[in-house]
Amino acid sequence: MTADQETEQEHPVRTRRRGAALEEEIYAATIEECAAVGYGRLSLKGVAARARTGKAALYRRWSTPQELLLDAFAHLLPVTDELPETGSLRGNLLAALHRMNDSLAGRIGPPAMVLMGDLLRHPELVAAFRARLVEPRLEAILAVMRRAAENGEISPAAVTDLAARTGPAHIIMHFLMNGTPPDDRTIESVVDEVVLPVLQPSTAAEETRHAPKRARHGRPT
């Protein structure tokens, strides 16, 4: 018996599903296959076998496993333009980071770990991952910050790409270092001790930040 025949017996083909139901199972199978074999060995054939559907269903829509994987992540990650309005910058930041954290706590988590490890080895994946998945979610956090600036909670000058990355960077780093997403208390600490101080610096910190830079001998530069 060949390897292909063994795979077909393990994942018998079922072709009656159509539309959204089939798409949902294909996306779920893609995430599971990526977690099982890694990005470098991900194939449309393997995903079709895991989803128990014919390969033609995948080849009609996706030409590469990369395209399918990015679509699967985009489908399973929460929609970024539906973040709740809590009435405060702190509440909105917590809501945004909790939504991101909930994704990592679900079935996205294990393949996300695999994918992050593969990013450095596949430059084309970095660009696609940034454009499809990262930038839209950073834009959602920037929108939260812009609203806070319009409401007078923070200075418009505080709304920067670097500030928007601060919270997500801590969530991802915790996930990579511990293998699990941070708990609620840790997320609150990230917002209260890291993000908000960046957006709402104290008067003393602001004066230091905007003071003329001094050379070694004390003269302004």
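The values are calculated or read from the model by the stated rules, or taken from the named source; none is laboratory data. The structure presented is a predicted model; accordingly, all values stated were derived computationally and were not measured. Virtual Cβ from ideal backbone geometry, glycine too; neighbours counted across all protein chains shown. Just the protein is used for accessible areas: all its heavy atoms, side chains included, with ligands, DNA and RNA removed. Shrake-Rupley method; radii C 1.70, N 1.55, O 1.52, S 1.80 Å.
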Spelling out what I want: for every residue of segment 182-195, take phi, set θ = phi - 60°, compute 6.51 cos²θ - 1.76 cosθ + 1.60 (Karplus), and round to whole Hz; glycine and proline get x. x, 7, 4, 5, 5, 4, 4, 5, 4, 5, 6, 9, 10, 6
With all protein chains present, calculate the accessible area of Asp184 using a 1.4 Å probe and round the result to the nearest 10 Å². 90
Calculate the FRET efficiency for Ala20 and Ala56 from the Cβ-Cβ distance with a Förster distance of 22 Å, rounded to the nearest 0.05. 0.75
What number, in nm² with one decimal, is the all-direction average of the projected area of the convex hull of the alpha-carbon atoms of segment 35-194? 10.3
Modelling each spin label as a point 7 Å along the Cα-to-Cβ direction, I'd like the Val134/Asn178 distance in nm, to one decimal. 2.3
Sites Arg146 and Ala36 - FRET efficiency at Förster radius 41 Å, r taken between beta-carbons, to 0.05: 0.50
A 1.4 Å probe over the protein heavy atoms gives segment 135-177 a carbon and sulfur accessible-area percentage of 61
Between the modelled labels at Ala169 and Val126 (7 Å from Cα along Cα→Cβ) the distance in nm is 1.6
